[in-house]
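The values are calculated or read from the model by the stated rules, or taken from the named source; none is laboratory data. These numbers come from a predicted model, not from an experiment. A quick note on method: Cβ atoms are made from the backbone with ideal geometry, for glycine too, and the neighbour counts reach across all protein chains shown. To get the accessible areas, we keep the full protein, side chains included, count just its heavy atoms, and leave off ligands, DNA and RNA. Shrake-Rupley method; radii C 1.70, N 1.55, O 1.52, S 1.80 Å.
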Amino acid sequence: MNPISLRINELIEKLFDGNNSKFAQKLGVNEANVRNYRKGTLPKIDFIIKIYENIEFNFDWLLTGKGEILLNKEDTIATPSQKELNELKDFKIRTLEKELERCEEEKKTLENSKSNV
């Protein structure tokens with residue numbers, strides 16, 4: 001069996017009490033795929049990405065076997081989750097949109113005052 005399948009098995013056992021359905025549901029994937037990967041089929045890259053995006057754990061451990069399954073608190077603080085990165089991105093977009101609206105209003109005000117002169 002390939003090492004990644006062995007580690008996926010360990011991940012499911014440790015974080016999902018060995019329940020393929022819970023794991024599949026968390027990732028939004030078909031449970032049959034999870035069973036196949038646990039039996040030794042080498043996972044496709046999109047499956048590995050779904051694990052990375054949906055479960056907080058030490059991703060280096062999954063790929064290399066080095067370190068612990070779970071991240072230390074320091075690692076979690078230093079490495080924001082994909083959800084946190086998306087929230088930050090959305091916040092920045094909203095802030096820029098508000099700033100753009102403010103600039104457009106200021107431009108209209110200046111154009112109106114210029115035409116009144």
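Rundown of residues vs (1) assigned to a helix (DSSP H, G or I); (2) open to solvent by less than 30 Å² (accessible area, probe 1.4 Å); (3) not assigned by the TED database to the domain that holds residue 81, yes/no style:
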residue: 8; (1), (2), (3): yes, yes, yes
residue: 22; (1), (2), (3): yes, no, yes
residue: 29; (1), (2), (3): no, no, yes
residue: 33; (1), (2), (3): yes, no, yes
residue: 42; (1), (2), (3): no, no, yes
Would you mind telling me which numbered condition in (1) farther than 28 Å from residue 85 by Cβ; (2) in contact (Cβ under 8 Å) with a residue 60 or more places away in the chain residue 31 fails?
(2)
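Only residues that are under 20 Å from the mean Cα position of the chain (by Cα) and not charged (D, E, K, R): list them for the stretch 81-102, please.
Of everything in the stretch 81-102, those that are under 20 Å from the mean Cα position of the chain (by Cα) and not charged (D, E, K, R) turn out to be 81, 82, 85, 86, 88, 91, 93.
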Only one of 114, 108 is at pLDDT 80 or above, farther than 30 Å from residue 52 by Cα and over 37 Å from the mean Cα position of the chain (by Cα), namely 108
Just the residues that are over 14 Å from residue 5 (Cα atoms) and over 20 Å from the mean Cα position of the chain (by Cα), please, taken from the stretch 33-70.
66, 67
